[in-house]
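So the structure is just underneath, and the comments pick up after that.
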Amino acid sequence: MTTKVENADVSRRDFLYIATGAVGAVGTALAIWPFIDQMNPDASVLALASTEFDLAPLEEGQGVTIKWRGKPVFIRHRTPKEIEEAKKTPLAELKDPIARNLNLPPDAEATDENRVKDANGKVNEKYLVQIGICTHLGCVPLGEQGDYDGWFCPCHGSHYDSAGRIRKGPAPRNLDIPPYKYTSDTVIVIG
Amino acid sequence: MSGHSTYEFKNPIARWVDERLPILSVVRGQLVDFPTPRNLNYWWTFGGILATMLVIQILTGIVLVMHFTPHTSMAFDSVEHIMRDVNWGWLLRWMHANGASFFFIAVYIHIFRGLYYGSYKAPREILWMIGVIIFIAMMATAFMGYVLPWGQMSYWGAVVITNLFSAIPVVGDQIVQWLWGGFSVANPTLQRFFSLHYLLPFVLAALVFLHVWALHVTGNNNPDGIEVKSEQDTLPFHPYYTMKDLFAILVFLMVYAAFVFYSPWYLGHSINFAPANPLSTPAHIVPEWYFLPFYAMLRAIPDKLGGVIVMFSSLIILFFLPWLDTSKVKSLKYRPLARQFFWLLVIVCLVLGIAGAQPAQGAWLLVARLATAWYFIHFLVILPLLGFIEKPKPIPASISEAVLGKAKA
Ligand code: HEM
Ligand code: FES
């Protein structure tokens with residue numbers, strides 16, 4: 001009789017003990033989330049801004065850097081020589097064979113054509129639009145430099161070709177192409 | 001070795017307090033009577049120097065915050081305001097900026113002291129590992145502090161270092177956005193760095209407390225690497241080591257003051273006098289001198305993830321040092337071969353520092369690669385092997401024998 005009551009007691013205590021511990025642990029785990037998530041981009045940062053740019057004033061061989069979502073965007077009016085070099089580079093020679101063009105499927109190949117395609121599939125190979133952030137550790141590469149007539153990142157020595165594709169150095173990926181589309185023959189909207 | 005004081009306080013008020021909260025007998029036991037090896041040399045004063053620098057950083061930091069504005073539109077100007085308008089602002093800012101450098105000078109000497117005299121070996125493994133955590137926390141603090149004045153080097157340093165995390169497979173980009181609070185280093189980043197830069201030094205203070213606690217359980221190591229055997233081997237901490245430490249602290253502070261007053265910008269980079277510009281990276285970005293060896297390792301590897309792994313491993317490896325070194329002999333005074341490899345390691349680390357300041361190409365890149373390789377070979381191959389190969393010199397029976405000679409001891 002006594003033993004029975006004792007046992008009943010013990011299992012009741014065990015239950016209370018485990019239940020309290022479990023509620024405490026799960027509750028704490030849930031309460032941590034707001035403290036972590038508050039660091040993620042907030043609503044004002046997420047409110048996606050878009051930027052319009054008129055390509056017409058850009059001379060051949062001229063490039064500009066504009067700001068979109070706090071990031072530098074390179075817009076370059078390429079010379080025929082640059083375009084030709086980029087086109088005749090075999091895909092097998094590329095370190096990163098993927099287009100990295102946010103307007104295309106994620107597995108699109110890094111052909112020169114795929115590097116200058118907008119969201120509607122329009123191709124204007126004269127104008128190359130890309131996010132000017134080195135895919136290594138985020139420096140802004142310098143234009144018309146490097147071993148491939150494209151961009152050179154001085155921070156740790158990455159060379160990009162005239163289509164913004166990584167050719168040499170520690171950077172793992174081609175420069176990203178932001179989402180953009182032509183609204184007329186010479187005006188694009190980024191974002 | 002516990003050093004617990006049996007001191008009876010004569011003063012009735014002191015006795016009354018101590019019976020209720022034994023804080024006075026703890027101070028007496030740990031800071032006054034504490035039995036300390038009699039043979040400690042000046043390399044043992046850097047612990048006290050480090051504590052002093054932490055206090056200086058906290059005091060100057062707290063008053064700088066009274067005038068600093070953590071917002072991208074005003075941070076740079078508010079630091080200039082500190083330099084030009086605030087009473088003694090220039091002094092406080094240069095004390096803080098150079099204080100960080102001197103903090104690192106002291107910590108590097110302190111760490112290499114530990115390497116030379118085998119202070120990481122049993123029974124001091126935990127003491128050593130807390131030290132490594134302190135070192136990493138110091139680096140995080142200094143990195144985030146350097147971002148606050150929002151100059152060109154501040155900004156691009158923040159970009160490059162936070163981007164290290166983008167090397168993590170799959171979730172890397174997510175983590176970087178989380179660190180930034182946006183799609184680039186921007187105001188949310190500056191504000192959180194400010195919050196953490198204020199917090200971390202106090203975490204450091206708590207870690208230092210644990211470090212000293214562990215020290216007072218095992219007692220000090222010493223230049224002969226022999227454990228204390230009898231009272232003959234020790235001296236009370238006060239006045240012998242309080243005075244020795246104080247003397248060293250004063251000399252160290254004089255060198256520090258020479259920099260603060262006569263060339264406060266010598267250890268920094270002039271490009272940080274230009275405000276941050278997210279659209280243009282300076283041609284040659286380099287971290288502060290105390291990060292250069294690690295930066296050289298990062299750049300030595302021609303692969304993004306590989307470089308990041310190697311750089312962090314160079315720190316992580318220090319946690320395993322107590323088990324990588326297989327020799328039972330602590331002090332290199334009695335290890336002729338290990339001593340030569342120690343100095344080689346010192347040179348390799350200095351070379352890494354120099355290489356980290358050069359553009360990453362040509363001969364310097366090769367030098368950085370060789371030095372990086374040697375750093376790891378030293379810890380992973382040389383140290384484990386030496387314990388078996390090397391024949392140590394005869395070790396004195398006790399500290400007092402080492403100090404006084406066999407006859408007298
Ligand atoms: C472990 C201790 C600390 C280290 C290593 C450290 C390091 C640094 C560094 C390297 C800078 C940049 C200096 C410059 O170039 O101007 C800095 C700036 C700053 N720190 Fe600290 N710090 C420490 C503690 C603190 C504390 C405790 C506070 C506040 C309570 C603080 C507040 C500030 C402020 C407001 C700035 C910006 C003003 C300036 O640039 O001089 N720091 N810190
Ligand atoms: S950030 Fe461009 S090469 Fe490292």
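The values are calculated or read from the model by the stated rules, or taken from the named source; none is laboratory data. Just so you know, these numbers come straight off a predicted model, no measurement behind them. All Cβ positions, even for glycine, are placed from backbone atoms using ideal geometry, and neighbour counts span all protein chains on display. The protein model used for the area step is the full one, side chains on, heavy atoms only, and it has no ligands, DNA or RNA in it. Shrake-Rupley method; radii C 1.70, N 1.55, O 1.52, S 1.80 Å.
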Working only within region A:45-70, note down all residues that are polar (S, T, N, Q) and assigned to a loop (DSSP other than H, G, I, E, B). A:Ser50, A:Gln62
Would you point out which residue out of B:Leu253, B:Leu267, B:Leu292, B:Leu279 is touching a strand residue (DSSP E or B) at 6+ places or on another chain (Cβ under 6 Å), surrounded by fewer than 21 Cβ atoms within 10 Å (Cβ to Cβ), hydrophobic (A, V, I, L, M, F, W, C) and more than 30 Å from B:Ala402 (Cα to Cα)? B:Leu279
Which numbered condition B:Phe259 fails, given (1) more than 30 Å from B:Asn277 (Cα to Cα); (2) within 16 Å of ligand 1 (Cβ to nearest atom); (3) surrounded by 17 or more Cβ atoms within 10 Å (Cβ to Cβ): (1)
Open to solvent by 30 Å² or more (accessible area, probe 1.4 Å) and either within 14 Å of ligand 2 (Cβ to nearest atom) or free of Cβ contacts under 8 Å to residues at least 60 places away in the same chain (or both): which single residue out of A:Lys181, A:Lys168 fits that description? A:Lys168
One residue from B:Ile105, B:Ile130, B:Ile134, B:Ile109 being farther than 24 Å from B:Val286 by Cα and more than 9 Å from ligand 1 (Cβ to nearest atom): B:Ile130
From the residues in region B:310-354 that are polar (S, T, N, Q) and over 29 Å from B:Ile168 (Cα atoms), which one is most open to solvent (accessible area, probe 1.4 Å)? B:Gln340
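For (1) outside any loop (DSSP other than H, G, I, E, B); (2) assigned by TED's automatic domain parsing to the domain that holds B:Asp224; (3) under 23 Å from B:Ile109 (Cα atoms), each residue gets a yes or a no:
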site: B:Ala363; (1), (2), (3): yes, yes, no
site: B:Arg369; (1), (2), (3): yes, yes, no
site: B:Tyr375; (1), (2), (3): yes, yes, yes
site: B:Leu385; (1), (2), (3): yes, yes, no
site: B:Phe388; (1), (2), (3): yes, yes, no
site: B:Lys393; (1), (2), (3): no, yes, no
site: B:Pro396; (1), (2), (3): no, yes, no
site: B:Glu401; (1), (2), (3): yes, yes, no
Please enumerate the residues belonging to region B:145-179 that are assigned to a helix (DSSP H, G or I), away from ligand 2 (no atom under 16 Å from the Cβ) and open to solvent by 20 Å² or more (accessible area, probe 1.4 Å). B:Tyr146, B:Gln174, B:Ile175, B:Gln177, B:Trp178, B:Leu179
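Here's the yes/no breakdown for (1) outside any loop (DSSP other than H, G, I, E, B); (2) away from ligand 2 (no atom under 15 Å from the Cβ):
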site	(1), (2)
A:Pro106	no, yes
A:Cys134	no, no
A:Gly138	no, no
A:His159	yes, no
A:Ala163	no, yes
For B:Leu305, indicate whether it is surrounded by fewer than 19 Cβ atoms within 10 Å (Cβ to Cβ) and assigned by TED's automatic domain parsing to the domain that holds B:Leu148. yes
